[in-house]
Every structure is written in structure tokens, then in C-alpha cells.
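Notes follow the structure.
The values are calculated or read from the model by the stated rules, or taken from the named source; none is laboratory data. Note that this is a predicted model, so its numbers are computed, not measured. A quick note on method: Cβ atoms are made from the backbone with ideal geometry, for glycine too, and the neighbour counts reach across all protein chains shown.
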Amino acid sequence: MAVPKKKKSRARRDRRRAHHDRVALPATTVCTQCGAPVRPHQACGECGNYRGRQVLEIEEETEEATS
């Protein structure tokens, strides 16, 4: 069985493992209708459009409804 001849330092070990801990941000695109950031292959939460079509009915918020 293979056995290392020299001890690997903590720094060298941690540099090798460093890329496993990195958290990637979710991919986003821009809505063609309103310009809001949208996840790929998902309907826009701001305007309800997906691939140029209105697929969700979005209710308009008024100031009286929020208070």
C-alpha cells in the first residue's frame, strides 16, 4: 500500500480542498419585458412573462393594500 514519505502541511492540504467550499451564486438572466433579474427557465416574478408570453397574472400592489 502506498504511504506518503513526507507529511503534507496544513496550508498545502487546505489549498487543495479550497475549491470544494466555494458557494456559487445562482445563475440569473434579465427579463426582456421589465429588465428584472430572473432565474433561467422561470417566469418573471415582476411582470409574469416567460419567453415573450404572459403566463402569470401579477396583481398590482397599491399603497392602501399594503397598509
Somewhere in segment 21-38, is a residue at pLDDT 90 or above and of a type in the set (Lys, Arg)? no
Would you pick out the residues in segment 29-67 that are surrounded by 12 or more Cβ atoms within 10 Å (Cβ to Cβ), β-branched (Val, Ile, Thr) and under 18 Å from the mean Cα position of the chain (by Cα)? 29, 38
